[in-house]
1. Give me the one-decimal nm value for the distance between modelled label points at residue 336 and residue 232, 7 Å along each residue's Cα-to-Cβ direction.
2. Working out 0.36 nm times the residue gap between residue 450 and residue 150, then minus their Cα-Cα distance, what length gain in nm do you get to one decimal?
3. Take 794, 310 and sort them by solvent-accessible surface of the protein heavy atoms, 1.4 Å probe, largest at the top.
4. Determine the share of segment 575-699's accessible area contributed by carbon and sulfur atoms, expressed in whole percent, with a 1.4 angstrom probe.
5. Taking R0 as 51 Å, what's the FRET efficiency between residue 612 and residue 32 from their Cβ-Cβ distance, rounded to 0.05?
6. Counting only heavy atoms of the protein chains, get the accessible area per residue of segment 713-815 (1.4 Å probe) and round it to a whole Å² value.
7. Between the DSSP loop rule and a limit of at most 13 other Cβ atoms within 10 Å, which GluC sites (Glu not before Pro) in segment 462-548 are left?
8. Could you tell me what percent of the accessible area of segment 402-548 is made up of carbon and sulfur, with a 1.4 Å probe and every protein chain present?
Amino acid sequence: MGTLVGNENNPATLKVVLANNFSKIKYSVKLTGHNEKGRLPYLTIDSIEDSIFIPNAAIWLLFPPPEGLKEKVREILESEASVLAPSIALILGNNVKSELIKSSVAALLTSLNSELEGAEFLVQNTLTIADIAIFSTLYPIFKSEKLSKDYFSNSPNITKWLHSLEHLPKFKDATSLVFHQQNSIGSLSYQVLFQSSKYLAPHTSDVQEQLPHTTLQEKESPKHEIESVSAEELQSAEKAWKKLPGSLPKLKIQPKIVLPQSGEKNILITSSLPYVNNVPHLGNIIGCVLSADVFARFSRLCNKNTLYICGTDEYGTATETKALEEGLSCQAICDKYFKIHEEIYQWFNISFDAFGRTSAPFQTELAQDLFLQLDHNGFMFTQSVDQLHCETCNRYLADRFVEGGCPNIGCNYVDARGDQCDGCGKLVNAVELKNPKCKICGNTPKLKSSSQFFIDLPKLEPLLHHWIKQSSPGWTHNADVIAKTWLREGLKPRCITRDLKWGVSVPLDGFRNKVFYVWFDAPIGYLSISKAYTSDYEKWWRPTQETKVNLYQFMAKDNVPFHAILFPAMLLGANRNYITVSHIMATEYLNYEDGKFSKSRGIGVFGNDARDTKIPSDVWRFYLLYVRPEAQDSSFSWSDLATKNNSELLNNLGNFINRALIFLKNNFNKTIPQMDLTAEDYIVLALCTRELKGYIAALEKCRLRDGIRHILAISRQGNQYMQVNQPWVRMKEGDAGRLRGGTVVGVCANLACLLATLLQPYMPETSAQLKSQLNCTDFVLNPENIEIVNLLPCGHQIGDPQPLFTKIEPELIEEYKKKFAGTQESRKSPPKEEISSSWSVCNGNVDPEMLEEAVAKQGFVVRKLKESGVDKSIWQPEVNKLLALKKQLVAIMGVDPSKSEKKNKSADSNNVLNGAKNEKKKTQKSK
């Protein structure tokens with residue numbers, strides 16, 4: 001099986017032994033004396049050739065955290081391994097009396113004490129390896145009377161937590177095994193940790209020399225690193241640093257019209273077109289437009305020809321439904337919400353090259369053309385279709401006008417739409433819904449036949465099989481699984497037309513009163529928006545053989561079937577050499593606090609909500625990308641937003657940059673001083689180069705969460721580098737000390753310059769502010785040659801340093817939690833009682849039948865609200881809307897509303913509607 005090898009009195013050994021006690025697979029334990037030298041502890045596994053020397057990697061293997069807690073546990077382990085354990089080992093294990101390092105540990109303990117307020121464990125009251133790691137690191141302090149007073153006197157929650165864990169049976173067994181000599185617990189434990197770990201690097205240029213176990217003078221700063229660096233990495237870091245900044249390639253100036261070029265890297269990016277029927281919520285924003293924006297900005301920094309296309313999806317029943325709700329025409333609804341979407345994306349700094357609309361003329365032209373080509377190639381046929389028809393509303397019910405129980409086996413979701421079930425995520429046919437109900441009037445519709453066009457997907461299936469085999473290696477895992485599941489189950493013909501008014505009409509006689517269904521029409525919007533951007537759009541969508549274009553499409557996982565199966569089938573069936581997607585970047589879902597975002601139900605934080613807060617758009621971008629649901633669902637949390645802002649942005653990133661630049665301003669007149677780098681400085685540059693390589697590798701694969709973590713790792717390296725070297729102390733040590741202090745702050749300013757470019761895809765406004773303070777510009781990211789050069793050489797003049805971030809206070813978070821609770825509708829101020837008499841429907845004219853539908857639908861809304869038991873302040877505005885609609889209906893049917901009101905003053909409001917219908921019938925008979 002394997003063996004766990006460690007030494008006595010070592011906190012790192014304790015954490016691995018503890019994890020082994022909780023592991024389902026137990027490893028034998030072998031402990032040596034505490035004087036044993038070498039890298040300890042380590043875990044040997046019979047099936048693996050190499051041993052595991054990193055304790056936190058070993059404990060993750062032995063006792064992995066539950067799926068939903070992994071991200072939080074990983075953050076705690078990173079903090080423990082990179083800051084807490086090295087700092088304590090440095091102070092106690094090597095007798096270093098650095099007040100700066102002590103203050104860093106104190107700050108961490110203060111934060112930890114707050115985390116444990118009223119909590120039994122560190123992560124969601126579940127015992128995890130986060131508890132094991134922190135417990136093991138702090139245990140020798142806890143058991144030493146003197147050290148415990150020094151470190152925990154102001155941390156009662158930590159003391160209580162340590163005491164509680166200590167008495168658990170598995171913790172008792174581990175501590176008695178590792179620390180069987182109780183009188184040796186204390187500083188000796190950290191000396192063992194210091195000598196056994198790989199935390200600390202030599203303090204001389206000889207990377208093989210042992211750090212002498214002696215007391216260092218206060219003025220001598222301990223030189224160390226988190227991981228060892230190879231001689232090759234050091235040599236590369238030194239060689240890169242000595243390059244002249246002018247040797248770097250120049251960043252391309254973005255042309256007004258971006259076109260692909262032969263022999264160059266050409267990147268076409270789309271994000272799934274958001275429906276225009278509502279305000280986008282944060283889940284929509286991170287799922288498509290923000291993620292695509294980060295990748296587009298990164299691609300431009302790599303000097304690739306990059307075109308980013310998006311727009312609003314404006315046709316279909318979602319628009320008709322919203323038009324009925326708001327008493328506007330479909331075109332007016334699209335105009336209203338297009339403007340809202342555009343303004344929100346501008347506030348979020350989304351860098352579209354073109355943001356268009358599917359209701360534009362080019363959409364009709366290209367959709368009809370593609371349909372005719374598919375029909376000509378034999379991939380279309382007509383068939384009589386049973387559709388749900390509402391006799392009350394006298395109309396066929398498109399998919400979004402009907403709801404019912406999901407027909408898929410094993411799914412009991414009762415509010416499935418007529419096209420897709422939100423419960424199981426599968427597509428459905430409206431006629432198969434259980435107990436269907438008309439969303440407008442609430443009545444049960446009946447089946448009625450109508451002839452429709454179908455795309456023959458079974459004919460296209462062989463083409464799709466071959467294509468997916470070639471393309472899917474560049475997709476996210478969930479996209480790959482969803483597409484192959486569709487193929488495995490066998491493709492079926494799919495209806496592409498509907499009996500609606502709002503949409504692209506079918507260009508064939510006998511069908512001109514029908515429109516294309518939204519899933520057929522919407523993805524063609526990528527082409528039509530591209531054509532509106534440039535008449536040379538086909539150079540992107542039908543490139544020559546000499547011009548290679550890579551198409552990246554960003555979306556949430558519910559949009560995968562349309563982009564992995566249906567749209568590619570359309571393009572392949574057209575047989576016109578259209579490019580097809582090479583990279584489908586699909587996210588999971590972003591949840592809201594303890595529930596789900598819902599655009600249809602108005603639950604969550606929406607784009608306009610974010611804009612109306614006091615929190616900058618860059619902080620919203622940062623947090624959404626930090627919790628981006630890449631491999632699994634994640635959650636938006638107001639408290640976590642504040643925590644990430646205050647810890648990662650303010651205390652880590654902002655603290656490093658600001659104190660380095662302020663020091664440069666105060667001591668060197670805002671001028672980069674002479675720098676004389678030593679091996680230690682090149683070690684830091686080598687470690688940051690690792691993070692830079694990780695950043696570029698992550699963004700090339702669209703792992704955007706990982707990219708932001710590499711940025712934060714660089715600033716942590718910079719913070720630790722300054723903290724250990726103490727340039728403010730060095731400056732007092734004569735010319736040599738001033739040179740050393742200048743070197744350290746010069747390196748830090750260069751790391752800040754590096755961060756300014758790396759931040760640009762994530763936080764463009766912050767990046768611009770930092771570049772202004774540094775008096776620098778973006779530099780080219782070259783994936784083929786990743787290195788850190790001296791971007792700000794000696795003599796470079798910076799601007800005025802200013803703080804980049806501000807603290808988000810708990811009181812503000814509590815205010816927002818209350819403000820954005822409930823639904824969008826419940827947050828609005830009561831609407832006016834009267835609705836404009838110019839109310840109209842999708843054909844632009846007043847239609848009594850459509851107005852009747854609106855009355856029935858609003859009545860259904862009122863009924864449901866009253867049944868739910870909500871406060872009158874919520875349902876009364878909806879009642880006012882209903883009464884206003886009824887008055888309008890009476891008015892357009894030729895009856896004086898005032899007379900009607902007098903006659904029916906004591907009658908129920910429904911009698912007004914019935915009277916209006918009778919008046920209409922009389923009028924029709926007389927005609």
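1. Simple spin-label model gives 6.4 nm for this pair.
2. On the way: separation 300, 0.36 × 300 = 108.00 nm, distance 8.17 nm.
Contour length minus Cα-Cα distance gives 99.8 nm.
3. On the way: 794 85, 310 0 Å².
So the residues, ranked largest to smallest area, are 794, 310.
4. Working: 1880 of 4250 Å².
Heavy-atom surface of segment 575-699 belonging to carbon and sulfur, 1.4 Å probe: 44 percent.
5. On the way: r = 62 Å, r/R0 = 1.21.
Computed FRET efficiency for residue 612 and residue 32: 0.25.
6. Details: 3710 Å² over 103 residues.
Accessible area per residue: 36 Å².
7. On the way: sites: 489, 538, 546; in loops: 546.
Within segment 462-548, the qualifying GluC sites (Glu not before Pro) (loop, at most 13 other Cβ atoms within 10 Å) are 546.
8. Working: 3540 of 7050 Å².
Carbon and sulfur atoms account for 50 percent of the accessible area of segment 402-548.
The values are calculated or read from the model by the stated rules, or taken from the named source; none is laboratory data. Predicted, not measured: the structure shown is a model, and the values here were computed from it. Note that each Cβ is placed from the backbone with ideal geometry, even for glycine, and that neighbours are counted across all protein chains shown. These accessible areas exclude ligands, DNA and RNA; they are computed on the full protein's heavy atoms, side chains included. Shrake-Rupley method; radii C 1.70, N 1.55, O 1.52, S 1.80 Å.
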